[in-house]
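One structure below.
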Amino acid sequence: PPGPTRGLLCPRRVNSSTEGARTGHSHYVTPAESAMEGSDCTAKEPPLANVCRQNYGAAQDPVEPAVPRSASHVTGSSLGKAEVACGRRWRKTAGNIKCELLRRIILISVPRNYDPALHPFEVPREYVRALNATKLERVFAKPFLASLDGHRDGVNCLAKHPKNLATVLSGACDGEVRIWNLTQRNCIRTIQAHEGFVRGICTRFCGTSFFTVGDDKTVKQWKMDGPGYGDEEEPLHTILGKTVYTGIDHHWKEAVFATCGQQVDIWDEQRTNPICSMTWGFDSISSVKFNPIETFLLGSCASDRNIVLYDMRQATPLKKVILGMRTNTICWNPMEAFIFTAANEDYNLYTFDMRALDTPVMVHMDHVSAVLDVDYSPTGKEFVSASFDKSIRIFPVDKSRSREVYHTKRMQHVICVKWTSDSKYIMCGSDEMNIRLWKANASEKLGVLTSREKAAKDYNQKLKEKFQHYPHIKRIARHRHLPKSIYSQIQEQRIMKEARRRKEVNRIKHSKPGSVPIVSEKKKHVVAVVK
Amino acid sequence: MTANRLAESLLALSQQEELADLPKDYLLSESEDEGDNDGERKHQKLLEAISSLDGKNRRKLAERSEASLKVSEFNVSSEGSGEKLVLADLLEPVKTSSSLATVKKQLSRVKSKKTVELPLNKEEIERIHREVAFNKTAQVLSKWDPVVLKNRQAEQLVFPLEKEEPAIAPIEHVLSGWKARTPLEQEIFNLLHKNKQPVADPLLTPVEKASLRAMSLEEAKMRRGELQRARALQSYYEAKARREKKIKSKKYHKVVKKGKAKKALKEFEQLRKVNPAAALEELEKIEKARMMERMSLKHQNSGKWAKSKAIMAKYDLEARQAMQEQLSKNKELTQKLQVASESEEEEGGTEDVEELLVPDVVNEVQMNADGPNPWMLRSCTSDTKEAATQEDPEQLPELEAHGVSESEGEERPVAEEEILLREFEERRSLRKISELSQDAEPAGSQETKDSGSQEVLSELRVLSQKLKENHQSRKQKASSEGTIPQVQREEPAPEEEEPLLLQRPERVQTLEELEELGKEECFQNKELPRPVLEGQQSERTPNNRPDAPKEKKKKEQMIDLQNLLTTQSPSVKSLAVPTVEELEDEEERNHRQMIKEAFAGDDVIRDFLKEKREAVEASKPKDVDLTLPGWGEWGGVGLKPSAKKRRRFLIKAPEGPPRKDKNLPNVIINEKRNIHAAAHQVRVLPYPFTHHWQFERTIQTPIGSTWNTQRAFQKLTTPKVVTKPGHIINPIKAEDVGYRSSSRSDLSVIQRNPKRITTRHKKQLKKCSVD
């Protein structure tokens, strides 16, 4: 029988009770039945509201239109209505709570039998899952996010804002400095800072100002915020030097910055003369970097193939290592005080422990042309390198081969690269005047993840790790499309390397044992360490 | 003298020694003379030493005994030639004078001073600087070693490392350095000024300031405290009310209600004393409530609850009491107050109404409550007896007969039947008594019972006869005498006779019955769906109804119902059950046939066995037959090499190792390497593992949630590096890992210009060079 009519018919009601008696639960009333009965009751008995009305007096009856309404009446009736509404809501919420509780009980107490006999083939199943995860990772690998265009010459240097993730500064080869907003992906300020190249740019640790050096032998300090309305774009300070400065870096805690050119100069921000200049030999130094952890340490690399370390407190250089070819720049590991990585002209990167410079900790090779810039991830686990071969690569610190290579058709020689402070993105500035924004993890989903998504992501990651040595998975995970130039270069260099190795092996084989020393790959590239 | 003697003895001794030494010397030394000379000198010295023992430091002139090296060509003895001439000796006067001490000192100073070395060249100095500085720096850096190691080995690193505190600058600070410059901004500021909106101190408008002035901080605090207290109290109260509401105890609620009523009464009393008018009003209210109660059927045992209770009331003491309570409440509410006096007639009238309304069962209960009701008591005892019969089925009929003889048939409660029905299954197994004796006994008992209600039974007898005629096909063995009582009340007896009775499906039974009954009495159809209630009603009605015919009618109905449920079943069973079973059988057969037809072609088991046999054959090593037909024999078509020859040139393959699936009949284990599987296998042991079983174990432990509990799954899949989106990760700091960061500024050290080698540096340098 249809539900609604049930409560209205009296015989049916008797019926229901008799049914109950037959089944042996005459004294139990199911909730649905009681609800039906409720409507009956209201039909027979005066409703609750009526009783209330009686108690308060007939004057407050909201149904009677004849009675003139005073303020008290209105309040009374509204109160009654409110009560009714409350009651209804309460009933509703009670129902909701019941539903919720039931749902939770169902959700929580889903029994699960973990008996391995019931879930067989765990290894094959997980293998297939790992394979699928690896494939999906490749499918979703879309690292390129945006290209910031606006420079009118090649981008020569980049700098991160220390306090703001969205702000990036870049200096171009025509002396123009631009400040970009990454969230809006547009340029928010343009400064004609120098004549000729902007050789170096760095931000102050507090993020209120930044410094630039250029080919016009000047060091300029600029405010981070733009000039006021109608004001001229002017630097806060300008220092005119005697020689060209080729690089600049700011101290991580104090009002001190260091420039490099013919020597490494350390400047107080308030003075026009360097408070200390350190030199070791005579050659042009291409870059200088402060150690972010032990802030009195500096590293520089010069064009006579060496890397020099300095101690700012003792105003003296510490040690020099000479490599096979010139180092373009170095970068300190932000989590490990004594580790730095050098980007070399011989297509390799060298990670050194600064206390033992005679052997690099790791030689990173994959580039097929000179490495021009390197920057560490803020987590200190990986770094990104920019190369003349029109690609950027991401290396794990403890691996000699890169895990990722990014390139686009239009990206030319990449001159500078930076890893953003939240470790999620990579920016690179290249010859063809664009700054490109990449994801650090090519297949990562951007935005907020739900907990289930997160769990799935973690699980997939672990599966990929677990089965990474399996040939199919390894092949898929390593597969990258490369431009033809890079691909053919890799092939060529592989042949060359093999030939060299073969020759060496032959030489060892055909000479008196012990007369030809076996030099490990790591030691091969270090020419000398000068104390 | 003694000294001389001593010396002589010593001399002798030494000479002896020399003599003893001599042969050795002789053998070893190259020149004899030198050895002799040596001996001479020693002797001389010894003598001198002995002579000096005297105490007086006199010096004897050397006596020349023979040619020696000590004698110079100028005949001057080089006495004391071993001692060097010291400058001090020359200067020393006979008497030591203090005036020369200074000169001596100067001399010694001159002697101690060396020549000044040449200064190191600049490169060298710088190198030293560098080395020292490098060692120092390396030392400073080595404090990071444990931190770095820990971070490298960490299961999980969460970045940023330091806890960030959100720095919220007050708006005044932000806006203090800001000025309106563009025309638009200026315009806006003008507007703000006009409206007395705050510009410089943007937090407070004048109105806000005024309000601040109006209430002091203490007041605000106090007020807030009060509000908090009130809120807390309210929440406590709510919690308490909720708790009380949840209490299920009826007694508790009763007590509470009673307490409330008492309180109200007390208040009313007080009100009467204090304010009679208000009391009167109250009274009126009560009167109104009474009127409402009289109008309503609320406490009149007509509600659903009351009805259900009425059913239960017969067996349940509590239910009875509940009903009584309801009634008493009704009485209470409908009672007129003493203020208005009533006539007795009216009262009587109301009571009459009440009696009419109230079901009879309740009245019984009331009686029970007033005093011991023998009928009720009996029914109770009979119940217990019924229970006893369970234990001794042999005695059952007799006991029942006892009970029945004592009680009136009409008064017997339905419960007996129900209980018996329930116990039927258990008893069935125990029943071993012959049918005949059983038949006889219940019949006898029923006879005694019949005496109590002769008229009713006569009616029933007629009816049962009719029924019997209708069902001629029955195989039931019940005697003509026995059927009547069995039909009426005593179900156990027929049931005992036909144990299969309850096994047949009910639905079939009712349908059958319906058809049969429809021919006789159409009116019964209505009541078919609810036989139990009817039974109850019939149970209830006869008690208080004075008119007999009505009661009889009811009886008839009741009998039919009983029949429906129980007695007539055997016939139904004999007809219906087998046909149903046959149907089922047929269906199953059909089903099987269908499956057979569908899978006619493939015999999986035989195929598998064949496959396995083939696999075993294929894996067996093959014999090699090297016979060449025609070699050493006549050639030609159709000639076969002789058996002997074949035997000779057949190389038997050695028996291979037993197959792994030899003892597994349902399994084929392929022992060949599978190329397709090999493509998915790891060939070289990966780097961090040292043994293949380590690697295998890592692979074999599943990490998915299919095989692990939620928590284990989460633990197994924790990512190595966790970063928060949108958070800046700063380089590690000494404070982050618990080190003390140097308080010295890097800058201040430079300005002190430390470009000088200190003595400490020198020491370090020396250490370095030694190393």
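The values are calculated or read from the model by the stated rules, or taken from the named source; none is laboratory data. Worth saying up front: this structure is predicted, and the values here are computed from it rather than measured. Note that each Cβ is placed from the backbone with ideal geometry, even for glycine, and that neighbours are counted across all protein chains shown.
Restrict the check to region B:68-76 and report whether at least one residue is among the β-branched types (Val, Ile, Thr), surrounded by 11 or more Cβ atoms within 10 Å (Cβ to Cβ), modelled with pLDDT under 70 and not in a loop (DSSP other than H, G, I, E, B). Yes, there is a match, as at least one residue in region B:68-76 is among the β-branched types (Val, Ile, Thr), surrounded by 11 or more Cβ atoms within 10 Å (Cβ to Cβ), modelled with pLDDT under 70 and not in a loop (DSSP other than H, G, I, E, B). For region A:392-418, the set of residues classified as within 21 Å of residue A:172 (Cβ to Cβ) and either of a type outside the set (A, V, I, L, M) or part of a loop (DSSP other than H, G, I, E, B) (or both) consists of A:408, A:410, A:411, A:412, A:413, A:416, A:418, listed by residue number. With respect to (1) of a type outside the set (Val, Ile, Thr); (2) within 14 Å of another protein chain (Cβ to nearest Cβ); (3) within 19 Å of residue A:160 (Cα to Cα), the lone exception for residue A:277 is condition (3).
Going through (1) in the same structural domain as residue A:474 (by the TED database); (2) over 19 Å from residue A:404 (Cα atoms) one by one, residue A:136 falls short only on (2). Scanning region B:122-138 for residues that are more than 8 Å from chain A (Cβ to nearest Cβ) and in contact (Cβ under 8 Å) with a residue 24 or more places away in the chain, we see that the one that is surrounded by the most Cβ atoms within 10 Å (Cβ to Cβ) is B:132. Of the residues making up region B:168-178, at least one is more than 57 Å from the chain's Cα centre (by Cα), within 14 Å of chain A (Cβ to nearest Cβ) and either surrounded by 10 or more Cβ atoms within 10 Å (Cβ to Cβ) or modelled with pLDDT under 80 (or both). Please determine, by comparing only the residues of region A:206-254 that are among the aliphatic types (A, V, I, L, M) and in contact (Cβ under 8 Å) with a residue 40 or more places away in the chain, which one is nearest to residue B:181 (Cα to Cα). Filtering first and then ranking leaves A:224.
In a residue-by-residue description of region A:259-270, the property of being hydroxyl-bearing (Ser, Thr, Tyr), in contact (Cβ under 8 Å) with a residue 12 or more places away in the chain and more than 14 Å from chain B (Cβ to nearest Cβ) applies to at least one position. Of all residues in region A:479-495, none satisfies being hydrophobic (A, V, I, L, M, F, W, C), in contact with a helix residue (DSSP H, G or I) (Cβ under 9 Å, 6 or more places away or on another chain) and in a helix (DSSP H, G or I).
Can you find even one residue in region A:348-371 that is in a strand (DSSP E or B), of a type outside the set (A, V, I, L, M) and touching a residue at least 60 places away in the same chain (Cβ under 8 Å)? For region A:348-371, residues in a strand (DSSP E or B), of a type outside the set (A, V, I, L, M) and touching a residue at least 60 places away in the same chain (Cβ under 8 Å): present. If the condition is being within 13 Å of chain B (Cβ to nearest Cβ), touching a strand residue (DSSP E or B) at 6+ places or on another chain (Cβ under 8 Å), part of a loop (DSSP other than H, G, I, E, B) and closer than 19 Å to residue A:403 by Cα, then region A:428-462 contributes only A:440. One residue stands out in region B:720-741 among those that are loosely packed, with under 12 Cβ neighbours inside 10 Å, under 18 Å from residue A:295 (Cβ atoms) and not basic (Lys, Arg): the one that is nearest to the chain's Cα centre (by Cα), namely B:735. Residue count for region A:399-427 under the criterion of being within 14 Å of chain B (Cβ to nearest Cβ) and surrounded by fewer than 18 Cβ atoms within 10 Å (Cβ to Cβ): the result is 4.
Scanning region A:287-338 for residues that are within 14 Å of chain B (Cβ to nearest Cβ) and part of a loop (DSSP other than H, G, I, E, B) yields a count of 16.
Return the pair list, or none, for Cβ contacts closer than 9 Å from residues in region A:475-486 that are farther than 17 Å from residue A:132 by Cβ to residues that are aromatic (Phe, Trp, Tyr) and surrounded by 12 or more Cβ atoms within 10 Å (Cβ to Cβ), at least 6 apart or on different chains. Correct list of pairs: A:481/A:487.
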